[in-house]
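Participant: Right, I'll just put the structure down here and ask away after.
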Amino acid sequence: MRKIHLIYIIGIALCITACTNRRPKEPRAGHPYEVFVASTTDDAAATLMVCKALGIDAEALPQREPQFDAVKIKFDEYNSAIKKSSTVLIDINRQKYHSPTVTWQTGDGTIEVMLHAGSSESLASAIDSLGETMREQLLRHEMAVAKDILKTKHNPKAEQKVKEVTGVEMLIPADMQRSKQGEHFIWLSNDALTGMQNICVYTYPGLTLNAERALAMRDSILGRHIEGETKGMHMVTAPQSVTSKMVTNGGRKVLVQRGLWEMKGDAMGGPFVSRSHIDSTNHRIVVKEAFVYAPERKKRNLIRQIEAAIY
């Protein structure tokens, strides 16, 4: 089997704004992580406030990118937008709302988040908590959309190989045609010259989830299997870059870790996200990880696209 090597390409850093003033007469179908924002009263201050809440920095990326690309539109354009996009509607009405709240509804591949408040001032007082809920629901929706797309275009041969090597059943993107495997380990990649996306699945003995041990095993296992162009080059976790969070998915505890990887001995790196869970039947920890190498491109959408495969 051919050995996969990461390819070093010098890229151009790009900057990105948190809120766009583009207001299309007929909003097109939104891009992933693009959100159209409107106010029932066309309240400019409230709209800007929500745009900023959507545009906070995405976690664990090597350069600044917003959580979402917010696009301001007029209220009379909103009904067109909700039919084909992710949207946020700000409804400010002093007679109807005593305290700020957030609600949402999904359908036909879209999500509509609604922020209710009696005034811009009351919305501002609650925007931190409401914004967190708003971003969480939008992110869950985007992951669900990406997962649905993956179900229609995936790689059964690669999935069978993952199952044979690790015993794990999961969907693998159709363009991941290259692979390398070891004991209880497999690495799959699209091996692209621009925007290289990768998935690793591996296991190690254990019956408890521990963030420090998970990172130590990551460095040990990936460092052994993912090498650079010359001897001594191998993958490591960038110090102080990792956040760890315990979540529940389908009644099962999952350790989610996000951070940056580097190639020891070379100027390479990028973002990663991993999800670890306990396989009590086989007395082991199962890890699914996605990582990206794309020095010439923005990385938020690339890493989130393949995160859907391990979600």
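Participant: Got a number for residues in the range 212-250 being open to solvent by 70 Å² or more (accessible area, probe 1.4 Å), part of a loop (DSSP other than H, G, I, E, B) and farther than 17 Å from Ser276 by Cβ?
Facilitator: Count: 5.
Participant: Looking at the structure I just gave you, is Asp175 in a helix (DSSP H, G or I) and without any contact (Cβ under 8 Å) to a residue 60 or more places away in the chain?
Facilitator: Judged against the criteria, Asp175 is not a match.
Participant: If Asn21 meets every condition in (1) farther than 30 Å from Ala192 by Cβ; (2) open to solvent by 50 Å² or more (accessible area, probe 1.4 Å); (3) modelled with pLDDT of 95 or more; (4) not charged (D, E, K, R) apart from one, which number is that one?
Facilitator: With respect to (1) farther than 30 Å from Ala192 by Cβ; (2) open to solvent by 50 Å² or more (accessible area, probe 1.4 Å); (3) modelled with pLDDT of 95 or more; (4) not charged (D, E, K, R), Asn21 is out only on (3).
Quick grid of which residues meet (1) farther than 22 Å from Met233 by Cβ; (2) open to solvent by 40 Å² or more (accessible area, probe 1.4 Å); (3) modelled with pLDDT of 95 or more:
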{"position": "Lys253", "(1), (2), (3)": "yes, yes, yes"}
{"position": "Asp266", "(1), (2), (3)": "no, yes, no"}
{"position": "Gly270", "(1), (2), (3)": "no, no, yes"}
{"position": "Ser276", "(1), (2), (3)": "yes, no, yes"}
{"position": "Asp279", "(1), (2), (3)": "yes, no, yes"}
{"position": "Asn282", "(1), (2), (3)": "yes, yes, yes"}
{"position": "Val287", "(1), (2), (3)": "yes, no, yes"}
{"position": "Val292", "(1), (2), (3)": "no, no, yes"}
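Participant: Also, quick follow-up: I'm checking my understanding of the structure. Among residues of the range 80-119 that are among the acidic types (Asp, Glu) and over 15 Å from Thr133 (Cβ atoms), which one is most open to solvent (accessible area, probe 1.4 Å)?
Facilitator: Pass one, the range 80-119, residues among the acidic types (Asp, Glu): 91, 108, 112.
From what is left, the residues that are over 15 Å from Thr133 (Cβ atoms) are 91, 108.
Details: Asp91: 28, Asp108: 158 Å².
Only one residue fits best here, namely Asp108.
Participant: Okay, moving on. I'm trying to understand the selection: among the residues of the range 50-60, which are surrounded by 20 or more Cβ atoms within 10 Å (Cβ to Cβ) and out of contact with any helix residue (DSSP H, G or I) (no Cβ under 6 Å at 6 or more places or on another chain)?
Facilitator: Within the range 50-60, Val50, Cys51, Leu54, Gly55 qualify.
Participant: Just need a number here: residues in the range 103-122 that are hydroxyl-bearing (Ser, Thr, Tyr), out of contact with any strand residue (DSSP E or B) (no Cβ under 7 Å at 6 or more places or on another chain) and under 22 Å from Tyr33 (Cα atoms).
Facilitator: Here the count works out to 1.
Participant: Would you point out which residue out of Met196, Met268, Met246 is over 27 Å from Ala144 (Cα atoms) and not β-branched (Val, Ile, Thr)?
Facilitator: Of Met196, Met268, Met246, the one residue that is over 27 Å from Ala144 (Cα atoms) and not β-branched (Val, Ile, Thr) is Met268.
Participant: Take the range 142-165 and flag every residue that is open to solvent by less than 80 Å² (accessible area, probe 1.4 Å), within 17 Å of Gln181 (Cα to Cα) and of a type in the set (Lys, Arg).
Facilitator: Within the range 142-165, Lys161 is the sole residue that qualifies.
Participant: Looking at Leu193, Leu209 in this structure, which one is part of a loop (DSSP other than H, G, I, E, B), more than 18 Å from the chain's Cα centre (by Cα) and closer than 25 Å to Pro295 by Cβ?
Facilitator: Answer to the check: Leu193.
Participant: If you don't mind, there's one more thing I want to ask. Looking at the range 39-48, can you tell me whether even one residue there is at pLDDT 95 or above and within 20 Å of Ala146 (Cα to Cα)?
Facilitator: no
Participant: Follow-up. Restricting the search to the range 255-264, which residues are open to solvent by less than 10 Å² (accessible area, probe 1.4 Å), within 19 Å of the chain's Cα centre (by Cα) and aliphatic (A, V, I, L, M)?
Facilitator: Matches in the range 255-264: Leu255 only.
The values are calculated or read from the model by the stated rules, or taken from the named source; none is laboratory data. Keep in mind that this is a model prediction, so the values were computed, not measured. Here Cβ is always computed from backbone atoms with ideal geometry, including for glycine, and neighbour counts include all displayed protein chains. Ligands, DNA and RNA are stripped out before the accessible areas are found, and what is left, the full protein with its side chains, is counted by its heavy atoms. Shrake-Rupley method; radii C 1.70, N 1.55, O 1.52, S 1.80 Å.
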